[in-house]
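Everything on this sheet refers to the single structure shown next.
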Amino acid sequence: MSKLGSLGARLHHGEVGYGFVKNRKIWYGISILITITAIVGLAVRGLHMGIEFQGGAVFTTPKNTNASVSRAEEDAERASGHDAIVQKLGDGSLRIQISGIDTDKSDQIKEKLSQDLKIDAEQINAELVGPSWGDQIANKAWQGLGIFLVLVVIYLAIAFEWRMALAAFVALIHDITITVGIYALVGFEVTPGTVIGLLTILGYSLYDTVVVFDSLKEQTRDITKQTRWTYAEIANRSINSTLVRSINTTVVALLPVAGLLFIGGGVLGAGMLNDISLSLFVGLAAGAYSSIFIATPLVADLKEREPQMKALKKRVLAKRAQAAAKGDSLETADDTDEAYGDEPEDTATVVVGPRNQPASRTRGRGRPSGKRR
């Protein structure tokens, strides 16, 4: 078995673990800092909306045009008075995109381009996008996003509980804010492909979160019937038990997206790949982070505010203090890198959280009940 597979098995069985929930204030602080940076970038630089949202014109030159991309960009900006995006296509033609112009001036811009590029105006193909169509696309995108979030909250509230639904909603807003902020900071164009990528990563992030929530729901069943672990400790066990799976799925998903972004968009110059690949890359990474460091710790915070969970925590801590006063070897079940002992015969039959058990008194005081690795 590989080292990663061995670690995954040990994490799943609760033999080792990391205190994600215990250190949740650190993750909250990191997320707040990243989110503030994204919001500032969005407020200062704004989004570079594509022609589909602003309206404008796209001019395509004939095949094997001799003009360079830089020259065509200068000529297009001089002819239109607006910023232009020029891409060289595989057949040697140029795609000149000018956003925010009045479509009535397209013929005039087309004539100037034909003169500057020394191309017959009849050979330049013009595609016009009206601003009203762009507004309609933008409104539909916002409506789709809103409906998606509402349905997600309703489903999670029914399948799990409202606290998990709220935590998942916060995680999704976290992912959206970071992705949109990165777009503003790097200046990539926002196109319908960006919206598609955004909705895709939200579904992926939600899937990763639901996997952890499902494990948490199963392990906290009848939690108040035992006095070994608090809700936060069991939540931490749920994260650790699915950690390797989350890492594996995220890495496998990021590899092809990274190929599109850094090789297809950067090295090969396929700029049209950037709009969707950046949203996928940033969103997948943010979604994996929020599933582990935001959603489940937030659920633990909300649940431990309940009177039942507060009472359970008091009983657990009181039992541990009592065992410590008597000199019993009682593990604290805080998901540290400790091995878990065997189940004493007089313990409750309800199994929740890691198998971290006190030593049996028949084996002597102060001696662990299980093997350490």
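The values are calculated or read from the model by the stated rules, or taken from the named source; none is laboratory data. From a predicted model like this one, the values you see are computed outputs, not experimental measurements. Note that each Cβ is placed from the backbone with ideal geometry, even for glycine, and that neighbours are counted across all protein chains shown. Areas reflect the complete protein model, heavy atoms only, side chains present, ligands, DNA and RNA absent. Shrake-Rupley method; radii C 1.70, N 1.55, O 1.52, S 1.80 Å.
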query = Exactly which trypsin sites (Lys or Arg not before Pro) in region 218-317 are in a DSSP loop and have at most 12 other Cβ atoms within 10 Å?
reply = R221, R305
query = In region 54-174, what percent of the accessible surface is made up of carbon and sulfur (1.4 Å probe, ligands and nucleic acids excluded)?
reply = 52 percent
inquiry  = Taking θ = phi - 60°, what integer Hz values does the Karplus form 6.51 cos²θ - 1.76 cosθ + 1.60 yield along region 233-242, in sequence order, with x for Gly and Pro?
reply    = 5, 6, 4, 5, 5, 5, 5, 5, 5, 10
note = Expressed as a whole-number percentage, the relative contact order of region 153-264 with C-alpha contacts under 8 angstrom and at least six residues apart is 19 percent
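So, for region 279-320, what is the accessible surface per residue at a probe of 1.4 Å, expressed in square angstrom?
Values: 1680 Å² over 42 residues.
Computed with neighbouring chains in place, this is 40 Å² per residue.
What do you get when you divide the Cα radius of gyration of region 129-172 by 2.2 N^0.38 Å, with N the number of residues?
That works out to 1.58 for region 129-172.
Quick check: residue separation of E218 and I154 times 0.36 nm, minus the Cα distance between them. What number comes out in nm? Can you show the working numbers first?
Details: separation 64, 0.36 × 64 = 23.04 nm, distance 2.02 nm.
Length gained between E218 and I154: 21.0 nm.
Ranked from the most accessible area to the least, with a 1.4 Å probe and all protein chains present, what is the order of Y289, Y155?
On the way: Y289 50, Y155 130 Å².
I get Y155, Y289, largest accessible area first.
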key: Base-10 log of normalised Debye intensity for region 135-267 (one unit scatterer per alpha-carbon) at q = 0.17 Å⁻¹   = -1.04
Where labels lie 7 Å past Cα in the beta-carbon direction, separation of E74 and Q322 in nm = 8.5 nm
request  = Any chance you could check the Cα centroid distance between region 87-114 and region 306-323 for me, in angstrom?
outcome  = 71 Å
ask   = What accessible area per residue, rounded to a whole number of Å², is obtained for region 9-156 using a probe radius of 1.4 Å?
value = 58 Å²
task = Order these peptides, 63-74, 196-207, 165-176, by their mean beta-carbon neighbour count within 10 angstrom, highest first.
result = 165-176, 196-207, 63-74
task = For V190, enumerate residues with amide H under 5 Å from its amide H, sequence gap 5+ or separate chain, H modeled in the peptide plane.
result = H48, M49, G50
inquiry  = Please list, in order along region 290-298, the HN-Hα scalar couplings obtained from phi with the Karplus expression 6.51 cos²θ - 1.76 cosθ + 1.60 (θ = phi - 60°), rounded to whole Hz, x for Gly and Pro.
reply    = 5, 5, 8, 9, 10, 4, 5, x, 5
query = Each residue of region 61-77 in turn: what ³J(HN,Hα) in whole Hz from Karplus with 6.51, -1.76, 1.60 and θ = phi - 60°, glycine and Pro shown as x?
reply = 7, x, 5, 6, 5, 7, 5, 7, 5, 5, 5, 5, 5, 5, 5, 5, 5
query = Quick one: which of K217/K319; K63/K110; K25/K314; K225/K326; K105/K140; K88/K140 span more than 20 angstrom between C-alpha atoms?
reply = K217/K319; K25/K314; K225/K326; K105/K140; K88/K140
task = Calculate I(q)/I(0) for region 28-134 by the Debye formula, one identical point scatterer on each C-alpha and no solvent, and give its log10 at q = 0.13, 0.19 Å⁻¹ to two decimals.
result = -0.53, -0.88
task = Along Cα→Cβ, 7 Å out, is where each label goes; now give me the distance between the ones at K313 and L33 in nm to one decimal.
result = 2.6 nm
